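Just so it is clear, none of the values below were taken in a lab; they were calculated from the coordinates. Since this is a predicted model, take the numbers as computed values, not measurements. In this analysis, Cβ positions are derived from the backbone assuming ideal geometry, glycine residues included, and neighbour counts consider all displayed protein chains.
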Amino acid sequence: MLLDRDPAVVALACRPVELVWPEEGGRVVGHAPQLMARLQDGGGLLLDCAGRSGPSVRLAARARVVAAAAEAAGWSYRLAEPPDPVLVANVRWLAGYRHPRCAVGPWMPALVAAFGSPRAAVDVVRELGDPIAVWPALFHALWRGVLRVRLDEPLHERAVVWVARQEDEAA
């Protein structure tokens, strides 16, 4: 879900390829990376996710082979640690507002103008009008990255929101 929100990612595929290679002693080993992301620049990213206790010895060994294969193909490879549970909960919440219908109405320009300087979300929602219409638009703008909020802290109505700027994109 974190890759789904990344503006550099244009497509995702689950278990897109299986690599097979011989180990010492002639035993054949195979591994299918969990995800592949196609990037805006045309590159690719193969990704495996480690469990809560980190990568197993087996996965770490396979990751070295997959990383070399990815590099040979002009792609990159990442063995990702489990993300922070608060980040996951926040992104999961925002994902519920990814559909463009959440941005219907005049809210986007008004939200961008209202968050020109960092402010509490609830203050702007109250200022703009009907909360039933404004909250979904706000969450959609946060999902798309038009607006920013700290995702490493629990989202709540007093969370401080600001307009994303180009320097935010580089971070």
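Observations on the model:
- Listed from fewest to most Cβ neighbours within 10 Å, the set M1, M108, M36 follows the order M1, M108, M36.
- Proxy reagent accessibility, fewest Cβ within 10 Å first, across C102, C49, C14: C14, C49, C102
- Inter-centroid distance (Cα atoms) of the range 33-55 relative to the range 135-149, Å: 25 Å
- Against the chain, whose longest principal axis is taken from its Cα atoms, helix 57-72 shows a tilt of about 80°.
- Residue among E157, E81, E23 with the largest mean-square fluctuation in a Gaussian network model of the chain, springs linking Cα atoms under 10 Å: E23
- Computed 3J(HN,Hα) for the range 107-122, one whole-Hz value per residue from the Karplus formula 6.51 cos²θ - 1.76 cosθ + 1.60 where θ = phi - 60°, is 6, 4, x, 5, 5, 4, 5, 5, 9, x, 10, x, 8, 5, 4, 4, glycine and proline marked x.
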